[in-house]
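Taking it in order: structure first as structure tokens, then the write-up.
The values are calculated or read from the model by the stated rules, or taken from the named source; none is laboratory data. In this text the structure is predicted, and so the values were computed from the model without any measurement. Ideal geometry is used to build each Cβ from the backbone, glycine not excepted, and the neighbour counts take in all protein chains shown. With ligands, DNA and RNA removed, areas are computed over all heavy atoms of the protein, side chains included. Shrake-Rupley method; radii C 1.70, N 1.55, O 1.52, S 1.80 Å.
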Amino acid sequence: MALQYSVAVRNAQLDALESTTGTAALLRIYSGAAPANCAAAASGTLLAEMTLPSDWMAAASSGSKALSGTWQDASANATGTAGHFRLLDSGGTTCHAQGTVTATGDGGDLTLDNTSIASGQSVTITSFTITAGNA
């Protein structure tokens, strides 16, 4: 049998992501597939980068945690198709989470209304939720 956690433990695990990553975390969106893990070097073309607000996720509740505040890059870095994202500390040196990027409804870890990003365009994340496993 797989481990099962209480909602309180799952909420604490989720809240630890925000406290460990810290305030002014960076979200970077890249083209292509994600690296093998967070410890691996970044891959693909950096399409957009945004500094997240000081309190960038709402408190975990019922085993999930959603974005808080405005997540936006006013001017994308490059042109390409979004494939994955990395969530880093404010210095941009430590990756704490990464996942896929897809169009809304396609099942990615982070979804965009349009994965085709053009250099200089505004990129806004309007919805992002993490749900803890092992319920």
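Tabulated data for the structure shown
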{"quantity": "Apportionment of accessible area to carbon and sulfur, the stretch 46-135, percent (1.4 Å)", "calculated": "44 percent"}
{"quantity": "Residues with amide H under 5 Å from that of THR45, placed H, sequence gap 5 or more", "calculated": "SER31"}
{"quantity": "Surface/4 estimate of mean projected area, convex hull on alpha-carbon atoms of the stretch 80-135, nm²", "calculated": "5.1 nm²"}
{"quantity": "Under Karplus coefficients 6.51, -1.76 and 1.60, residue-wise ³J(HN,Hα) of the stretch 100-111 in Hz, glycine/proline x", "calculated": "7, 10, 9, 6, 3, x, 9, x, x, 5, 10, 10"}
{"quantity": "Magnitude of the charge dipole, the chain, Cβ model with Lys/Arg +1 and Asp/Glu -1, debye to 20", "calculated": "180 debye"}
{"quantity": "Environment charge of ALA16, counting only residues whose C-beta is closer than 13 Å and scoring Lys/Arg +1, Asp/Glu -1", "calculated": "0"}
{"quantity": "Pairwise centroid distance, computed over Cα atoms, of the stretch 107-125 with the stretch 22-54, Å", "calculated": "13 Å"}
{"quantity": "Whole-number accessible area per residue in Å² for the stretch 1-102, which is evaluated in the context of all protein chains at 1.4 Å", "calculated": "47 Å²"}
{"quantity": "Calculated Cα extents along the principal axes in Å (choose from (i) 59, 30, 22; (ii) 45, 32, 28; (iii) 46, 37, 31), label", "calculated": "(ii)"}
{"quantity": "CD proxy at 222 nm, helix term only [per DSSP H run n ≥ 4: -39500 (n - 2.57); per residue of the chain; nearest 500]", "calculated": "-3500 deg cm²/dmol"}
{"quantity": "Gain upon complete extension [THR94, SER75; 0.36 nm per residue less C-alpha separation]", "calculated": "4.5 nm"}
{"quantity": "Cα gyration tensor shape for the stretch 1-63, rounded if a/c is under 1.5, else prolate or oblate", "calculated": "oblate"}
{"quantity": "Value of relative contact order over the chain, rounded to a whole percent, pairs C-alpha under 8 Å and six or more apart", "calculated": "29 percent"}
{"quantity": "Whether the stretch 46-118 is rounded, prolate or oblate, judged on the alpha carbon gyration tensor where a/c under 1.5 counts as rounded", "calculated": "oblate"}
{"quantity": "Degrees separating the helix 7-21 axis from the principal Cα axis of the chain, which is the longest one", "calculated": "40 degrees"}
